[in-house]
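Some notes on the structure that comes next.
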Amino acid sequence: MISQLSSAPNLLTLLRLIVVPFTVIAVLEGKYALALGLFLAAGITDALDGLLARLLQQKTMLGQYLDPVADKLLLSTMFLTLSYMHRIRAWVTVLVFSRDIIILIVCTLLYATGTMRMFRPSLFGKANTIVQVLTVPLVMLSEVSHAPWIAEGKKIGISLTIALTIISGVHYVVRLAFDLRSASTRTANASH
């Protein structure tokens, strides 16, 4: 475990985790330019850790879990903080969190009961994450610059976040229902 932790990609992921509280503090103090810089730096470490893992052939089990946790923690924390500062409407953040919590609970239960071992993100889920990753910096940028394109980009980003959060949430539930149904059919056929 310690040897996995000391790999370059995992160190970059840890750096991303360390940046989270400083980004939050910057937003809470109204230092949006600094918060934006930290958020973008975290994004660069995210791109670099994946690249390094492939180039240096340092893909680890720890990294497979740590990387998405760091991403989700950064995004969720920023939504919560920007919502607290009234830069994103509270109900949008509740929607984003509710979807993530429902997926987490369902996956945990399925994993714990042995019903399913793998739960891959859908195309809608990936699109939702990309839109959130673009929306958060636009919200912070709108506090630094009042250019019309930034305000419009922020509006579009938030609208797409709402739409994709709902679509991906519904899609996960429907896909899960079909996966469980086919798993129970296979089990029933195997027992005959």
Applying the selection to the range 123-149, what residues are without any contact (Cβ under 8 Å) to a residue 40 or more places away in the chain, of a type in the set (A, V, I, L, M, F, W, C), surrounded by fewer than 18 Cβ atoms within 10 Å (Cβ to Cβ) and more than 18 Å from LEU73 (Cα to Cα)?
LEU123, ALA147, TRP149
Can you work out which of the residues in the range 107-154 that are charged (D, E, K, R) and under 20 Å from the mean Cα position of the chain (by Cα) is nearest to SER83 (Cα to Cα)?
LYS154
Those residues of the range 96-155 which are aromatic (Phe, Trp, Tyr), at pLDDT 80 or above and not in a helix (DSSP H, G or I), in sequence order
none
Could you give every pair whose Cβ atoms fall below 8 Å, whose first residue belongs to the range 71-95 and is within 18 Å of LEU40 (Cα to Cα), and whose second residue is modelled with pLDDT of 95 or more and not in a helix (DSSP H, G or I), counting only separations of at least 6 or pairs across chains?
PHE79/ILE88; LEU82/ILE88
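Could you check the range 1-92 for helices (runs of 4 or more DSSP H) lying wholly inside it with 2 or more residues that are under 18 Å from the mean Cα position of the chain (by Cα) and either over 25 Å from VAL139 (Cβ atoms) or at pLDDT 90 or above (or both)?
Correct list: 8-28, 32-55, 61-84.
The values are calculated or read from the model by the stated rules, or taken from the named source; none is laboratory data. No experiment lies behind these values; they were computed from the predicted model shown. In this analysis, Cβ positions are derived from the backbone assuming ideal geometry, glycine residues included, and neighbour counts consider all displayed protein chains.
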